Amino acid sequence: MSKQLKGSLMILVAGIAWGFSGVSGQYLMTHGINVNLLTSLRLIIAGILLTASVFFRQSDKLVSALKDKKTLVSIALFALFGLVLNQYAYLSAIQHTNAGTATVLQYVTPVLILTFVCAKNRRFPMVSELVAIIMAIAGTFIIATHGQVTELAITPIGLFWGLFSAVTYALYILLPAKAIEKWGSLIVIGLGMLLGGLVFPIAIQAWKYKLPLTGGNLLALFGLVFIGTVFAYTIFLKGTAMVGAVKGSLLASVEPVASVILTVLIMGDRFFAIDVVGMILIVLAVIIISLKNLVALTKEKIQR
């Protein structure tokens, strides 16, 4: 098996694992676990496991990162305004809609980042970028209204959390960029989750919430934390190292598709045909942006 094929398969598996994570979260919230407690558990358990993994593999690098004050400030901002807000917003969106819809709405993020970059560089979007922006807006509109301007097809609070998760996911990507470039993704994400997992539970007093430990809940918690977080992040980073970040982000677009399919198969939720149209528009918008970046990267390599 070639390196490119192996890396691509690893990223596709990671995307499916992320989709399974969202469905696991939906299952847990429909079986008595509060979103505050669920966010706390995901952050603290995944944070401990990822940081421990880094400690055993790159202990010197981890210690150096902890001694760098600038890095710690960057990770703290990332933990609070990227990780914690995004995890909470995403799980809240699932609670008020479902895993498939919440994941697709969160995938508006690349369009938000594109808009931010255009504004920052004071330039108009290129034709392909403009098409992607319009498709993402149209897809979101269709999911939210089913084409009926006067009423929403999903609850207003579900739409709010879904779009807010997209905004916080943009922060999740942008805030730690320099720290990740210097120290690597696992160190930054692991420490960020660990810090968020220490601060958030105290802030919301997580011990007040009940944790019904049934067999189904334990299995879903394993899916949320181990499969959908620790395993998915690890295998995604390994796959991306083989195929490149741009191709990796393109292949990871399988996540919303997997999430919708798993929501139907596992949770028994139903989607209308018009929902699928809206979801396809958003996923296509992300693919257009990723393909544009891939083409630009390929041209740059050729010119070298």
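The values are calculated or read from the model by the stated rules, or taken from the named source; none is laboratory data. Computed from a predicted model, the values in this text were never measured in an experiment. We place every Cβ from the backbone using ideal geometry, glycine too, and count neighbours over all the protein chains shown.
Any chance the stretch 127-142 includes a residue that's surrounded by 14 or more Cβ atoms within 10 Å (Cβ to Cβ), modelled with pLDDT of 95 or more, more than 19 Å from residue 189 (Cβ to Cβ) and under 22 Å from the mean Cα position of the chain (by Cα)?
No - not one qualifying residue is present in the stretch 127-142.
Quick check on my filter: what residues within the stretch 136-165 are of a type in the set (Ser, Thr, Tyr) and touching a residue at least 24 places away in the same chain (Cβ under 8 Å)?
Passing the criteria: 140, 155, 165.
State whether one or more residues within the stretch 6-25 are at pLDDT below 95, in a helix (DSSP H, G or I) and either within 14 Å of residue 192 (Cβ to Cβ) or of a type in the set (Lys, Arg) (or both).
Checking the stretch 6-25: at least one residue is at pLDDT below 95, in a helix (DSSP H, G or I) and either within 14 Å of residue 192 (Cβ to Cβ) or of a type in the set (Lys, Arg) (or both).
Among the residues of the stretch 229-260, count how many are surrounded by fewer than 16 Cβ atoms within 10 Å (Cβ to Cβ) and of a type in the set (A, V, I, L, M, F, W, C).
Residues that pass the stated criteria total 2.
Between 54, 111, 63, 84, which is in a helix (DSSP H, G or I), within 28 Å of residue 182 (Cα to Cα) and at pLDDT below 90?
When all the criteria are applied, what remains is 111.
Looking at the stretch 235-264, which of the residues that are polar (S, T, N, Q) and under 14 Å from the mean Cα position of the chain (by Cα) is modelled with the highest pLDDT?
The extreme case among them is 259.
Examine the stretch 111-124 for a residue that is of a type in the set (D, E, K, R) and in contact (Cβ under 8 Å) with a residue 60 or more places away in the chain, and state whether such a residue exists.
No: the stretch 111-124 contains no residue that is of a type in the set (D, E, K, R) and in contact (Cβ under 8 Å) with a residue 60 or more places away in the chain.
When you look at residue 223, is it within 30 Å of residue 273 (Cα to Cα) and loosely packed, with under 13 Cβ neighbours inside 10 Å, yes or no?
no
Can you name the residue in the stretch 1-26 that is over 18 Å from the mean Cα position of the chain (by Cα) and under 24 Å from residue 107 (Cα atoms) and, of all such residues, is surrounded by the fewest Cβ atoms within 10 Å (Cβ to Cβ)?
9
In the list 75, 33, which residue meets the criterion of being of a type in the set (A, V, I, L, M, F, W, C), in contact with a Lys or Arg (Cβ under 9 Å, 6 or more places away or on another chain) and crowded, with 20+ Cβ neighbours inside 10 Å?
It is 33.
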